[in-house]
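Below: one structure, written as structure tokens.
The values are calculated or read from the model by the stated rules, or taken from the named source; none is laboratory data. Just so it is clear, the model here is predicted, and its values are computed rather than measured. FYI the Cβ positions are ideal-geometry reconstructions off the backbone, even for glycines, and counts take in every protein chain you see. Just the protein is used for accessible areas: all its heavy atoms, side chains included, with ligands, DNA and RNA removed. Shrake-Rupley method; radii C 1.70, N 1.55, O 1.52, S 1.80 Å.
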Amino acid sequence: MRDDRTALASPGPRRAPSLRAAPPTLPSVAARTEFCSLLKRCGLSRPAACTDELTRGAPGVDYDAERCGPARELGERGVDPTDPAAFRLFRFLGERYQAVYKLEGQVAISQARLEFLLQDLPLAAALLTHFQKTRYEAEYLDPPPHRRFRGRRGDNLDGDATVIAGSPAERDLVYFGRGTSQIGPWKLRGLGLVRVRYAAAPRGKGVRYRVQVVAAPVNAVVNLVMKTGIFRRIVEGHIRDILEDVAEASAKLDQQGLGQGGSWSAEQKERIADLLKLP
């Protein structure tokens, strides 16, 4: 997976402060072609810098509904592709190789508690570490309402991400960021787009969720590996493990309280008391 930090120069004000602007270094022709072609072929607004030559189509990319879907959805949700700060995101979605993972399921935690924990990731990480014995870490990188964070799960996942659309209250969040993941014998570094949607399950039996992960393999060999069944199952297993950890930690908190061990601040204890009041 590639980590592209360049931005396509274009006039006009910045309208997407949630996306970190990158240095104004002119990207390569290939990168600009991937970016501009995606916008044109998917029917999105594009900056004046996207000339006809740059919108001819990136080699090997099929601009079908599946490829255009994430970009169109982001545009509809207010992420402006003409903003220079959005270049890295839309170029990523226009890269030649793309691997998409989709997972649906149900976990035994209430919608209210899941929303609470998604709004306080450092507290969620502390509770998961305490109850699940897997090291979780999370810290915010910006002031409230906190759109950027850095996180880690054990030794197999770490990185930083920005919420570029949605919120826990909407029960629909889109994260974009970069990180390192250990998937079986493979260690990968690069960019990724993650969409998480959830809703209360019928008859109050937890939460139904849908997760979609988009990655951009750096070459044909990596693309082939990332589309194998075993790789897909490992990725989906990691996602399911995190969600199950959240549900199990919530249940253990109800059954055991905080118990012995752990160093909890007065503020954390107050927040945990608020969490326990939720169904």
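Taking the condition over 30 Å from V225 (Cα atoms), of a type outside the set (A, V, I, L, M, F, W, C), open to solvent by 80 Å² or more (accessible area, probe 1.4 Å) and part of a loop (DSSP other than H, G, I, E, B), does R46 pass? Please lay out each step first, then the result.
Details: over 30 Å from V225 (Cα atoms): yes; of a type outside the set (A, V, I, L, M, F, W, C): yes; open to solvent by 80 Å² or more (accessible area, probe 1.4 Å): yes; part of a loop (DSSP other than H, G, I, E, B): yes.
Against the criterion (over 30 Å from V225 (Cα atoms), of a type outside the set (A, V, I, L, M, F, W, C), open to solvent by 80 Å² or more (accessible area, probe 1.4 Å) and part of a loop (DSSP other than H, G, I, E, B)), R46 qualifies.
Evaluate the stretch 76-89: report whether one residue or more is in a helix (DSSP H, G or I), among the small types (G, A, S), surrounded by fewer than 24 Cβ atoms within 10 Å (Cβ to Cβ) and under 18 Å from the mean Cα position of the chain (by Cα).
Of all residues in the stretch 76-89, those in a helix (DSSP H, G or I) come to 76, 84-89.
With among the small types (G, A, S) added as a condition, the list becomes 85-86.
Going one step further and asking which of them are surrounded by fewer than 24 Cβ atoms within 10 Å (Cβ to Cβ), we end up with 85.
Restricting the remaining residues to those that are under 18 Å from the mean Cα position of the chain (by Cα) gives 85.
Scanning the stretch 76-89, I find at least one residue that is in a helix (DSSP H, G or I), among the small types (G, A, S), surrounded by fewer than 24 Cβ atoms within 10 Å (Cβ to Cβ) and under 18 Å from the mean Cα position of the chain (by Cα), so the answer is yes.
Just to be sure I understand the filter: pairs with C-beta atoms under 6 Å, separated by 6 or more residues or on different chains, first member in the stretch 168-196 and farther than 16 Å from A99 by Cα, second member in a loop (DSSP other than H, G, I, E, B) and not acidic (D, E). Which pairs pass?
Close Cβ pairs satisfying both conditions: P168/Q119; Q182/N156.
Tell me whether the stretch 260-269 contains one or more residues that are open to solvent by less than 40 Å² (accessible area, probe 1.4 Å) and farther than 20 Å from Y136 by Cα.
No - not one qualifying residue is present in the stretch 260-269.
Before we move on, is V213 outside any helix (DSSP H, G or I), modelled with pLDDT of 95 or more, of a type in the set (V, I, T) and surrounded by 11 or more Cβ atoms within 10 Å (Cβ to Cβ)? Quick ask: steps written out before the conclusion?
Working: outside any helix (DSSP H, G or I): yes; modelled with pLDDT of 95 or more: yes; of a type in the set (V, I, T): yes; surrounded by 11 or more Cβ atoms within 10 Å (Cβ to Cβ): yes.
For V213, the condition - outside any helix (DSSP H, G or I), modelled with pLDDT of 95 or more, of a type in the set (V, I, T) and surrounded by 11 or more Cβ atoms within 10 Å (Cβ to Cβ) - is met.
Does R96 satisfy the condition of being open to solvent by 10 Å² or more (accessible area, probe 1.4 Å), closer than 27 Å to E66 by Cβ and part of a loop (DSSP other than H, G, I, E, B)? Quick ask: steps written out before the conclusion?
Details: open to solvent by 10 Å² or more (accessible area, probe 1.4 Å): yes; closer than 27 Å to E66 by Cβ: yes; part of a loop (DSSP other than H, G, I, E, B): yes.
Here the answer is yes, as R96 does meet what is asked.
Return yes or no: is R189 modelled with pLDDT under 95 and more than 23 Å from T129 (Cβ to Cβ)? Full working, then the answer.
Details: modelled with pLDDT under 95: yes; more than 23 Å from T129 (Cβ to Cβ): yes.
Yes; evaluated as a whole, the condition is true for this residue.
Of the residues that sit in the stretch 163-186 and are hydrophobic (A, V, I, L, M, F, W, C) and more than 27 Å from R72 (Cα to Cα), which one is most open to solvent (accessible area, probe 1.4 Å)?
Restricting attention to the stretch 163-186, the residues satisfying the condition of being hydrophobic (A, V, I, L, M, F, W, C) are 163-165, 169, 173-174, 176, 183, 186.
Still in the list and also more than 27 Å from R72 (Cα to Cα): 183, 186.
Working: I183: 14, W186: 75 Å².
Selected residue: W186.
From E244, E248, E236, grab the single residue that is within 17 Å of the chain's Cα centre (by Cα), surrounded by fewer than 18 Cβ atoms within 10 Å (Cβ to Cβ) and touching a residue at least 60 places away in the same chain (Cβ under 8 Å). Break it down stepwise before answering.
Working: E244 fails: within 17 Å of the chain's Cα centre (by Cα); E248 fails: within 17 Å of the chain's Cα centre (by Cα).
Matching residue, one of E244, E248, E236: E236.
Out of all the residues in the stretch 56-70, is one or more more than 23 Å from K227 (Cα to Cα) and open to solvent by less than 20 Å² (accessible area, probe 1.4 Å)? Spell out the reasoning first.
Going through the stretch 56-70, the residues more than 23 Å from K227 (Cα to Cα) turn out to be 56-57.
Of the ones still in play, those that are also open to solvent by less than 20 Å² (accessible area, probe 1.4 Å) are 57.
Yes, there is a match, as at least one residue in the stretch 56-70 is more than 23 Å from K227 (Cα to Cα) and open to solvent by less than 20 Å² (accessible area, probe 1.4 Å).
If the Cβ limit is 6 Å and pairs must be 6+ apart or interchain, which residue in the stretch 102-129 that is within 21 Å of V163 (Cα to Cα) and at pLDDT 95 or above pairs with which residue that is hydroxyl-bearing (S, T, Y) and assigned to a helix (DSSP H, G or I)?
R113/S250
Let me spell it out: the conditions are (1) of a type in the set (D, E); (2) in contact (Cβ under 8 Å) with a residue 12 or more places away in the chain; (3) open to solvent by 40 Å² or more (accessible area, probe 1.4 Å), and D160 meets all of them except one. Which number is the exception?
Result: D160 fails condition (3) only.
Here are A165, A125, A161, A169: which of them is at negative phi and in contact with a Leu (Cβ under 7 Å, 6 or more places away or on another chain)?
Details: A125 fails: in contact with a Leu (Cβ under 7 Å, 6 or more places away or on another chain); A161 fails: in contact with a Leu (Cβ under 7 Å, 6 or more places away or on another chain); A169 fails: in contact with a Leu (Cβ under 7 Å, 6 or more places away or on another chain).
Testing whether each residue is at negative phi and in contact with a Leu (Cβ under 7 Å, 6 or more places away or on another chain) leaves just A165.
Whether any residue in the stretch 129-137 is acidic (D, E), closer than 20 Å to L191 by Cα, touching a helix residue (DSSP H, G or I) at 6+ places or on another chain (Cβ under 6 Å) and open to solvent by 50 Å² or more (accessible area, probe 1.4 Å) is what I want to check.
Taking the stretch 129-137 and keeping what is acidic (D, E), we get 137.
Right, trim to closer than 20 Å to L191 by Cα and you get 137.
If we keep only those that are touching a helix residue (DSSP H, G or I) at 6+ places or on another chain (Cβ under 6 Å) too, we end up with 137.
If we keep only those that are open to solvent by 50 Å² or more (accessible area, probe 1.4 Å) as well, we get 137.
For the stretch 129-137, residues acidic (D, E), closer than 20 Å to L191 by Cα, touching a helix residue (DSSP H, G or I) at 6+ places or on another chain (Cβ under 6 Å) and open to solvent by 50 Å² or more (accessible area, probe 1.4 Å): present.
Give just the number: which of (1) within 30 Å of V61 (Cα to Cα); (2) among the polar types (S, T, N, Q); (3) touching a helix residue (DSSP H, G or I) at 6+ places or on another chain (Cβ under 7 Å) does T82 not satisfy?
(3)
Take the stretch 260-279 and flag every residue that is in contact (Cβ under 8 Å) with a residue 24 or more places away in the chain, of a type in the set (A, V, I, L, M, F, W, C) and part of a helix (DSSP H, G or I).
Those that are in contact (Cβ under 8 Å) with a residue 24 or more places away in the chain, of a type in the set (A, V, I, L, M, F, W, C) and part of a helix (DSSP H, G or I): I272, L275.
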